[in-house]
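The values are calculated or read from the model by the stated rules, or taken from the named source; none is laboratory data. The model shown is predicted, which means the values in this text are computed figures rather than measured ones. Glycine also receives a Cβ, built like all others from the backbone with ideal geometry; neighbour counts cover every protein chain displayed. Ligands, DNA and RNA are excluded from the accessible area calculation, which covers all protein heavy atoms including side chains. Shrake-Rupley method; radii C 1.70, N 1.55, O 1.52, S 1.80 Å.
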Amino acid sequence: MSLTAIPNQGLASRVVIKSARPQSSTAAPHKLERFPWFGKDASQQPASIALGIGMTSAAASLLARKAARSRTTRATVRPARIAVASLKKAQCQACGTSSMTEVVDTETGKRDVTFSMNINNLPSKVGVLLLNIGTPASTDVDDVRDYLARFLGDDRVIDIQPSWLKACVLGLLLNTRPQKSAENYKRIWDSKRGSPLQFHTEDLAEGLQRHLGDDFIVKIGFQYSAPLTGDALESLVNERVSQVIVVPMFPHYASGTVGTTLAAVYERAAQMYCVPPVTAVQPFFENSSFLDAQAGQIRDAVGPRGQDVDHILFSFHGLPVTQCTSAHRDGSTCDASCACRFDEGNRTCYRAQCHETARLLAKKLDLDTDRCSVAFQSRLTLRGTIEWIKPYTDDAFESLAKRGVKRLAVVAPSFTADCIETLEELGITGEEQFLEAGGEELVVVPCVNASAPWITGLAQLV
């Protein structure tokens, strides 16, 4: 007698048990094939599986008995019928159904009995995990300090060697920076919904869940705040999804964003006993699913071909030059040439990817390239000891105003959700800098957030 698990589409698998007349006095060995639904312990298995295995063992033992030829048919068929009857009586209908068939050889009188069991509720849903860095729990200085300690303490964000020097720098930053950051968070904090990054991400997850339907389970995971990435991954695994698709919510690759969030997923997965397949969505800086959604936001703010403004500034999050250079496949150094060179050698360079996004958006919007430029914001130079990619966004605000640009639009395509870097650094502090330098109006283009085009585009990426 053998027990075989056969895939049966969708929510069910088919278990087939066959019995035949024993050929000798030795019991036929059990043949147990792969069970994809096994959990860490027996309590996680459907009741019907445990019962089916028990009945199989009993039937095999009975069928293995040597009997006279005249009693062979009865000894072979009757135990299997008893097993099937007991199974049908005891099993819950939610777990599946079973059936039995008989085949009789007219020449030898040999009878084969086969019963099958369709087991429902096997994993079939796909888990989708949206990853981002996170946000402070509140605008209190202590909460901001806790968040910054985790964020700045990540070696993929600030890579300083030796470790004792990193500890000294971190201690200095956490002694002064939280107070100023807390004030900035207060300027953009929503009185009802709290952190913009948090509620925009939640809105996106809800919209994506509705778009994808019941065959998917969408959750969010933050690197440095709740819900933490590892906990979100484990939650999906506990819901018995068949696979997990992780989506770092950063269009461009950087070790301190995509790299660190994916590392957290893989590290937590490595600690689990049972893990479904985990796949990651690639950076989507040149994918039309993202570009179309971002272009729509820009068009709404600046009009066709940018006719409602004098200039458009593409502002990307800054990064140390050394991190960009480390991503070069050809061993070259990241420098100003990456603004116009994009090939296999520097394809994973953050600066090169950012400039490629700007070029593609300008082309898609049919913009005059003479009225567009690229800059980088949010630098942390540590008093000039770390070189960051240039030009800087705050310098661009001043220089463009002095060149006579009165109405400037700024868009931040390296962010998919509005946060402190877009709402405060650009929308408040940036506006002040531009107006002080002689500009008249700064138009801040919203991120894609949970807009309908982005939800559709993200579903295509998944």
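Structure notes:
- If you go through segment 301-350 and keep only what is exposed (fewer than 15 other Cβ atoms within 10 Å of the Cβ), within 26 Å of the chain's Cα centre (by Cα) and part of a helix (DSSP H, G or I), you end up with just Ser326.
- Candidate set: segment 129-149, residues that are in a helix (DSSP H, G or I) and within 21 Å of Ser414 (Cβ to Cβ); chosen: the one nearest to the chain's Cα centre (by Cα): Tyr147
- Lys180 meets all of the listed conditions (1) free of Cβ contacts under 8 Å to residues at least 40 places away in the same chain; (2) under 29 Å from Ile455 (Cβ atoms) but one, namely (2).
- Taking residues in segment 396-413 that are free of Cβ contacts under 8 Å to residues at least 40 places away in the same chain and hydrophobic (A, V, I, L, M, F, W, C), and partners anywhere that are crowded, with 22+ Cβ neighbours inside 10 Å and assigned to a helix (DSSP H, G or I), the pairs with Cβ atoms closer than 9 Å and at least 6 places apart or on different chains are Ala401/Phe434.
- Taking every residue in segment 359-370 that is within 14 Å of Gln307 (Cβ to Cβ) and pairing it with any residue that is crowded, with 18+ Cβ neighbours inside 10 Å and among the β-branched types (Val, Ile, Thr), at least 6 positions away or on another chain, the pairs with Cβ-Cβ distances below 7 Å are Leu365/Ile298; Leu367/Ile312.
- Count of segment 284-300 residues which are touching a helix residue (DSSP H, G or I) at 6+ places or on another chain (Cβ under 7 Å) and not in a loop (DSSP other than H, G, I, E, B): 10
- Selection within segment 379-404 - in a loop (DSSP other than H, G, I, E, B) and crowded, with 21+ Cβ neighbours inside 10 Å: Ile389
- Against the test of being of a type in the set (S, T, N, Q) and buried (at least 20 other Cβ atoms within 10 Å of the Cβ), the options Ser289, Ser195 yield a single qualifying residue, Ser195.
- Matching residues in segment 244-259 - criterion: being within 13 Å of the chain's Cα centre (by Cα), assigned to a helix (DSSP H, G or I) and surrounded by 22 or more Cβ atoms within 10 Å (Cβ to Cβ): Thr257, Val258
- Residue list for segment 405-436, restricted to those being open to solvent by 10 Å² or more (accessible area, probe 1.4 Å) and farther than 30 Å from Leu131 by Cβ: Val405, Lys406, Arg407, Glu431, Glu432, Gln433, Leu435, Glu436
- Meets criteria (under 29 Å from Lys406 (Cα atoms) and modelled with pLDDT under 95) for Ala362: no
- Considering the conditions (1) part of a helix (DSSP H, G or I); (2) free of Cβ contacts under 8 Å to residues at least 60 places away in the same chain; (3) out of contact with any Phe, Trp or Tyr (no Cβ under 8 Å at 6 or more places or on another chain), Gly207 is excluded by exactly one of them, (2).
- Number of the condition not met by Ser378 [criteria: (1) out of contact with any helix residue (DSSP H, G or I) (no Cβ under 7 Å at 6 or more places or on another chain); (2) at pLDDT below 95]: (1)
- Residues in segment 169-186 that are more than 14 Å from Val141 (Cα to Cα) and either touching a Leu at 6+ places or on another chain (Cβ under 8 Å) or open to solvent by 80 Å² or more (accessible area, probe 1.4 Å) (or both): Val169, Leu170, Leu172.
- Ser225 being over 14 Å from the mean Cα position of the chain (by Cα) and among the small types (Gly, Ala, Ser): yes
- When Ala459 is tested against (1) farther than 21 Å from Ile188 by Cβ; (2) open to solvent by less than 30 Å² (accessible area, probe 1.4 Å); (3) over 26 Å from the mean Cα position of the chain (by Cα), just one condition goes unmet, and that condition is (3).
- Selection count, segment 251-273, where residues are of a type outside the set (A, V, I, L, M) and either closer than 19 Å to Val128 by Cβ or in contact with a strand residue (DSSP E or B) (Cβ under 6 Å, 6 or more places away or on another chain) (or both): 5
- Residue check, Thr279 modelled with pLDDT under 95 and either open to solvent by 20 Å² or more (accessible area, probe 1.4 Å) or touching a strand residue (DSSP E or B) at 6+ places or on another chain (Cβ under 9 Å) (or both): no
- The conditions of being under 17 Å from Ile133 (Cβ atoms), touching a Lys or Arg at 6+ places or on another chain (Cβ under 7 Å) and among the β-branched types (Val, Ile, Thr) are not met by Thr201.
- Members of segment 437-456 that are over 19 Å from Phe250 (Cβ atoms), open to solvent by 40 Å² or more (accessible area, probe 1.4 Å) and either acidic (Asp, Glu) or assigned to a loop (DSSP other than H, G, I, E, B) (or both): Glu440, Glu441
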